[in-house]
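Q: What follows is a structure written as structure tokens; I'll ask about it next.
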Amino acid sequence: MMNPSDSIVDWVLEMLPQMGAGWCPPGMLGIGIGGTAEHCMLLAKKALMEPIDMAQRKLRGPQNDIEKLRIEIFDKVNALGIGAQGLGGLSTILDVKIMDAPCHAAGKPVAMIPNCAATRHAHFTLDGSGPSFLERPKLDEWPEVHWAPDAAAKRVDLDTLTADQVQGWKQGDRLLLNGKMLTGRDAAHKRIKDMLARGEELPVDFAGRVIYYVGPVDPVREEVVGPAGPTTATRMDSFSDLMLDLGLLASVGKAERGPAATKSIAAHKSAYLMAVGGAAYLVARAIKEAKVVGFADLGMEAIYEFTVEDMPVTVAVDSEGNNVHQLAPLVWKKKIADEGLLPA
């Protein structure tokens with residue numbers, strides 16, 4: 001809830017870095033202005049459903065105050081240099097959508113909702129005449145996705161990984177993981193903590209292993225595993241000391257780690273690796289085997305053992321505590337300002 005004279009642009013620029021990379025930039029921003037606080041949130045959500053047209057609006061030029069505001073926010077957010085997955089770059093957002101409503105002159109409710117580029121939604125109308133049928137997408141209208149490992153990426157054998165090798169990784173390094181890794185996310189970490197507090201034996205040994213923060217979807221047909229994209233690693237920050245004390249060499253997740261977790265990773269000479277968020281189906285292609293090895297009753301949050309082949313990750317926090325999510329955007333922000341890299 002802002003004062004009428006407060007700058008919406010300044011507020012967005014203050015809030016966006018605080019959202020971190022858990023929303024998988026680049027993506028869209030939906031902004032609601034006015035109405036009641038509740039209606040304002042609804043406006044922000046509705047705005048996200050509008051077609052992407054920023055390129056056309058910039059080419060044509062703004063024709064009203066809302067379009068001017070959209071373009072100003074778009075340019076200034078991208079100038080922050082946050083970039084894809086928060087690793088630094090030119091594209092932090094692809095579009096900004098704004099919907100507004102009248103409100104009392106003494107207050108200005110503003111809401112902002114981010115949405116990653118993998119936005120999927122369908123529009124239909126129920127008029128009482130029966131069900132609404134949606135046409136199946138024509139896959140030949142979409143580009144074929146072919147991915148091959150970059151020759152500059154370092155292949156890592158998880159089955160023979162040592163602490164010395166982990167300490168040789170530097171923030172920003174691109175790795176291709178091969179071999180066996182364990183999985184575990186919120187519910188598994190909570191249960192591990194409770195079991196250790198009671199002096200109970202864990203179902204798996206974490207010493208010398210790598211853990212992937214994921215809750216895979218059930219496989220269908222010939223799949224080894226369903227979509228298995230990383231979950232936001234920040235939620236596991238409170239368990240960092242506990243898990244690293246068990247001998248974990250590294251963790252894999254999405255987005256940044258907080259200051260306490262970064263400090264813990266450095267103290268244990270561990271590393272945090274970031275997988276690609278928003279691409280769960282493509283990430284799952286790297287998983288060649290999957291079996292439950294603990295907490296089967298937790299369903300998708302059970303502990304799995306994955307066998308992976310050339311799973312791409314980026315070293316986000318290295319063993320010295322260098323955090324790419326803090327360092328890379330600063331580099332790109334300076335490059336953008338000094339070299340004028342963003343188009344007018």
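The values are calculated or read from the model by the stated rules, or taken from the named source; none is laboratory data. Remember, it's a predicted structure, so these values are computed and weren't measured experimentally. Cβ: placed from backbone, ideal geometry, glycine included. Neighbour counts: every protein chain shown.
Q: Just for region 140-169: of the residues that are within 24 Å of M49 (Cβ to Cβ) and either among the hydroxyl-bearing types (S, T, Y) or modelled with pLDDT under 85 (or both), which one is surrounded by the fewest Cβ atoms within 10 Å (Cβ to Cβ)?
A: Once the filter is applied, the top-ranked residue is P143.
Q: From the list M28, M49, M41, which residue is over 24 Å from N3 (Cα atoms) and buried (at least 17 other Cβ atoms within 10 Å of the Cβ)?
A: That would be M28, the only listed residue that is over 24 Å from N3 (Cα atoms) and buried (at least 17 other Cβ atoms within 10 Å of the Cβ).
Q: Name the helices (runs of 4 or more DSSP H) wholly within region 18-87 that hold at least 3 residues that are over 27 Å from R235 (Cβ atoms) and of a type in the set (D, E, K, R)?
A: Here the list reads 54-60, 65-78.
Q: Do we find that I93 is of a type in the set (V, I, T) and surrounded by fewer than 19 Cβ atoms within 10 Å (Cβ to Cβ) in this structure?
A: Taking the combined requirement at face value, the residue does not satisfy it.
Q: Still on this structure, I have one more. Identify all residues within region 144-161 that are part of a loop (DSSP other than H, G, I, E, B) and out of contact with any Gly (no Cβ under 8 Å at 6 or more places or on another chain); write none if there are none.
A: Correct list: E144, V145, H146, W147, A148, P149, D150, A151, A152, A153.
Q: Would it be correct to say that F74 is closer than 22 Å to D6 by Cβ and free of Cβ contacts under 8 Å to residues at least 24 places away in the same chain? I'd like the intermediate steps shown before the answer.
A: Details: closer than 22 Å to D6 by Cβ: yes; free of Cβ contacts under 8 Å to residues at least 24 places away in the same chain: yes.
So F74 fits the description; yes.
Q: Oh, and also: State whether the residues of region 236-245 include one that is modelled with pLDDT of 95 or more, under 18 Å from the mean Cα position of the chain (by Cα) and not assigned by TED's automatic domain parsing to the domain that holds P17.
A: Yes, that holds for at least one residue.
Q: Just to be sure, is E38 under 30 Å from L87 (Cα atoms) and either acidic (D, E) or touching a Cys at 6+ places or on another chain (Cβ under 6 Å) (or both)?
A: So E38 does not fit the description; no.
Q: What helices (runs of 4 or more DSSP H) lie completely within region 231-316 and have 3 or more residues being under 20 Å from G20 (Cβ atoms), aliphatic (A, V, I, L, M) and in contact with an Asp or Glu (Cβ under 8 Å, 6 or more places away or on another chain)?
A: 259-267
Q: Here is a follow-up. Does I113 satisfy the criteria of being among the aliphatic types (A, V, I, L, M) and assigned to a strand (DSSP E or B)?
A: yes
Q: Follow-up question, since we're still on this one. Determine if region 211-230 includes at least one residue that is in a strand (DSSP E or B), under 20 Å from the mean Cα position of the chain (by Cα), surrounded by 14 or more Cβ atoms within 10 Å (Cβ to Cβ) and at negative phi.
A: yes
Q: I'm told A267 meets every condition in (1) surrounded by 15 or more Cβ atoms within 10 Å (Cβ to Cβ); (2) hydrophobic (A, V, I, L, M, F, W, C); (3) at pLDDT 95 or above except one. Can you identify the failing condition by its number?
A: (1)
Q: Hey, another quick one. Take the residues in region 295-331 that are more than 23 Å from K154 (Cβ to Cβ) and outside the structural domain of M236 (by TED's automatic domain parsing), then tell me which one is nearest to the chain's Cα centre (by Cα).
A: That would be P329.
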